[in-house]
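The structure appears below as structure tokens.
The values are calculated or read from the model by the stated rules, or taken from the named source; none is laboratory data. The structure displayed is predicted, hence computed values, not measured ones. Every residue, glycine among them, receives a Cβ derived from its backbone with ideal geometry; neighbour counts consider all protein chains shown.
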Amino acid sequence: MILLLATLYVLASIDAAASGYAAAAGRSALIRKGPHYRRAMLRGFFAGQVTAAVSLTLILTIVRLSPDPSALRSDIARVALRMLQVYLPFATILAGAFALRTLPSVDIRSLTSTLVFGPLAGIRPLVGVGGLLWGVWAAPRVEIVVGGAVLLALWLSLERALGYFYRAGEVV
Amino acid sequence: MNDLEISDEILAFDPETLARIPVRKSDVLAKFAAASNRRAVRIVQGMADRDDVLDPDAVDRRLVRVHCEMQRVSEEFQHGQRVAEILRPVLEALRRTGVPRPMRLVDVGCGTGYVLRWLAAQGDLGDDVELIGADYHPALVGEAMRLARLEDLNASFRVVNAFRLDPPATLYLSTCVIHHFRGASLDQFFRCHESPETKAFVHIDFQPSPIAPFGSWLFHAVRMRDPLAKHDGVVSAIRAHPGSELLRASREGASGFVRAMYGTRMGFLPIPRAFHSLIGLRPEYRDAFLQAIGPRRSRLGAWE
């Protein structure tokens, strides 16, 4: 279970950093935006660590309060495994697109934007929900469904929350 | 038909004096209502006004923010690289044939000047090329100047009619601007290129295709925050001119040039690129250009 949760944690941390990037995108019209995006991604990463700590605390509390902690732990492991079955392929496609983007071709870079990053960014919340549903289908316990929904809502609201670091209408 | 951009309607300048003309909110609303564009009506309704005249400061702030968001289109579609890929051989051809220096590269309707600032940041077009951005909108030009100063970029931006610069441009450039010229004003746009000092032009814009509206909607829906940016981004792609229309208008307006479309398809595949470019050259520079562009000449359409 630790390995499964650790893998989810790594994916969630990357997603948090990407949320930082997304929250910062379109807010600076400079040409050299490296520092702008580095700051934003670090901010996202740290916000992700806080969210991860909250998530872990919630999971441990639910397990501790459970009348049968061992059975619940095993159910959580099954849920986590199935969530990874959805999230890992999604992350792999994105990683592949990033790899393609390193090629010095205007066409390939534009294509990754239009065919991969755009559509996948659009369906990211659906993938989040889909992964959770696919996961809890294996162990539909109330505490897992409610806990999972709360955690997913936390993670999906990260980008919007990070957007509040930028004042309304601010252009860097 | 929803082919009006909000940013075109909420802003007006006298073409002679470039003075700002007050825009009545009710007139803009009536225009969009007549076009049954309820989304645009909602967006305009939310804009600040004073006695039915749109607040110019609020409009300026909004448009600077929208241009900042829309710069993502230029960044993700690599407009800097696209332009440089064409400009380098054009400039090389002009150098080889002894065009007077410095060569003035004028970006028509530069907005916040992304492409010129990108070219200046790369700094590889040569010291004999002067980068000048021209736009009617003082707020956008001011923002372009501020951004160029922040990054110490060697490009200048002016509130001016690009075609009335003295001396005139050696080369005119535009990115995602030409679709704003409709009907007779498109022909007039090209007529303005005919100054003898002007040797070439490069105009890049969205390429219309069956998938362009959906692709543009998806791109803007996911990436833009401001509803105005979402609206105008999609309309731009919908109302972009086909290559045949650009060729026709430039043939009739700028008959002293030879012209060809560039980069309309992905290699040999029948997949249309999101953007296409119209290249115009004085006939005496065409051979030098074809030499300078090398293997990329396969991306050129037929010259006419």
Looking only at segment B:221-238, decide whether some residue is under 26 Å from B:Glu130 (Cα atoms) and in contact with a Cys (Cβ under 9 Å, 6 or more places away or on another chain).
no
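Here are A:Leu126, A:Leu151: which of them is out of contact with any Gly (no Cβ under 9 Å at 6 or more places or on another chain), of a type outside the set (Ser, Thr, Tyr) and surrounded by fewer than 16 Cβ atoms within 10 Å (Cβ to Cβ)? Break it down into steps so the answer makes sense when it comes.
Numbers: A:Leu151 fails: surrounded by fewer than 16 Cβ atoms within 10 Å (Cβ to Cβ).
Residue meeting the stated conditions: A:Leu126.
State the number of residues belonging to segment B:52-78 that are within 9 Å of chain A (Cβ to nearest Cβ) and closer than 19 Å to B:Val202 by Cα. It would help to see each step written out before you state the result.
We begin by selecting, within segment B:52-78, every residue within 9 Å of chain A (Cβ to nearest Cβ); these are B:61-62, B:64-65, B:67-72, B:75-78.
So of that shortlist, the ones also closer than 19 Å to B:Val202 by Cα come out as B:75, B:77-78.
Adding up the residues that qualify gives 3.
Does A:Ala24 fit the bill of being in contact (Cβ under 8 Å) with a residue 60 or more places away in the chain, of a type outside the set (Val, Ile, Thr), touching a Gly at 6+ places or on another chain (Cβ under 8 Å) and over 19 Å from A:Val146 (Cα atoms)? Full working, then the answer.
Numbers: in contact (Cβ under 8 Å) with a residue 60 or more places away in the chain: yes; of a type outside the set (Val, Ile, Thr): yes; touching a Gly at 6+ places or on another chain (Cβ under 8 Å): no; over 19 Å from A:Val146 (Cα atoms): yes.
No, not satisfied.
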Check segment B:82-99 and report whether any residue there is within 14 Å of another protein chain (Cβ to nearest Cβ), in contact with a Lys or Arg (Cβ under 8 Å, 6 or more places away or on another chain) and more than 20 Å from B:Phe206 (Cα to Cα).
no
Quick check on A:Val106: is it in contact (Cβ under 8 Å) with a residue 12 or more places away in the chain and either within 14 Å of chain B (Cβ to nearest Cβ) or surrounded by 14 or more Cβ atoms within 10 Å (Cβ to Cβ) (or both)?
no
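Would you be able to say whether some residue in segment B:64-72 is part of a loop (DSSP other than H, G, I, E, B), under 26 Å from A:Ala25 (Cα atoms) and touching a residue at least 60 places away in the same chain (Cβ under 8 Å)?
no
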Every residue from segment B:109-123 that is touching a strand residue (DSSP E or B) at 6+ places or on another chain (Cβ under 8 Å) and surrounded by fewer than 23 Cβ atoms within 10 Å (Cβ to Cβ)
B:Gly109, B:Ala120
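If I ask for residues that are more than 9 Å from chain B (Cβ to nearest Cβ) and either buried (at least 22 other Cβ atoms within 10 Å of the Cβ) or in contact with a Lys or Arg (Cβ under 6 Å, 6 or more places away or on another chain) (or both), which ones from segment A:19-29 would you list? Show your work before the answer.
Filtering segment A:19-29 down to residues more than 9 Å from chain B (Cβ to nearest Cβ) leaves A:19-21, A:23-24.
Listed by number, the residues that qualify are A:Ser19, A:Gly20, A:Ala23, A:Ala24.
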Pairing a residue in segment A:142-165 that is more than 22 Å from A:Ala22 (Cα to Cα) and touching a residue at least 60 places away in the same chain (Cβ under 8 Å) with any residue that is not in a helix (DSSP H, G or I) and not hydrophobic (A, V, I, L, M, F, W, C), where Cβ atoms lie under 9 Å and the two sit 6 or more apart in sequence or on different chains, gives A:Glu143/A:Ser66
Subset of segment B:230-254 (residues that are more than 16 Å from B:Asn37 (Cα to Cα) and free of Cβ contacts under 8 Å to residues at least 40 places away in the same chain):
B:Ala237, B:Pro242, B:Ser244, B:Arg248
Collect the residues in segment A:71-100 that are polar (S, T, N, Q) and in contact with a helix residue (DSSP H, G or I) (Cβ under 9 Å, 6 or more places away or on another chain), keeping them in residue-number order.
A:Gln85
Within segment A:163-172, is even one residue at pLDDT below 90 and buried (at least 17 other Cβ atoms within 10 Å of the Cβ)?
yes
Residue count, segment B:38-63 (criterion: in contact (Cβ under 8 Å) with a residue 12 or more places away in the chain, loosely packed, with under 14 Cβ neighbours inside 10 Å and of a type in the set (Asp, Glu)):
1
Tally of residues being surrounded by 11 or more Cβ atoms within 10 Å (Cβ to Cβ), without any contact (Cβ under 8 Å) to a residue 12 or more places away in the chain and more than 27 Å from the chain's Cα centre (by Cα) across segment B:15-37:
2
Within segment B:57-81, track down each residue that is within 18 Å of A:Phe117 (Cβ to Cβ) and touching a helix residue (DSSP H, G or I) at 6+ places or on another chain (Cβ under 6 Å).
B:Glu69, B:Met70, B:Gln71, B:Arg72, B:Ser74, B:Glu76, B:Phe77, B:Gln78, B:His79, B:Gln81
Can you find, within segment B:220-232, the residue that is farthest from the other protein chains (Cβ to nearest Cβ) among those that are of a type in the set (A, V, I, L, M) and buried (at least 17 other Cβ atoms within 10 Å of the Cβ)?
B:Leu228
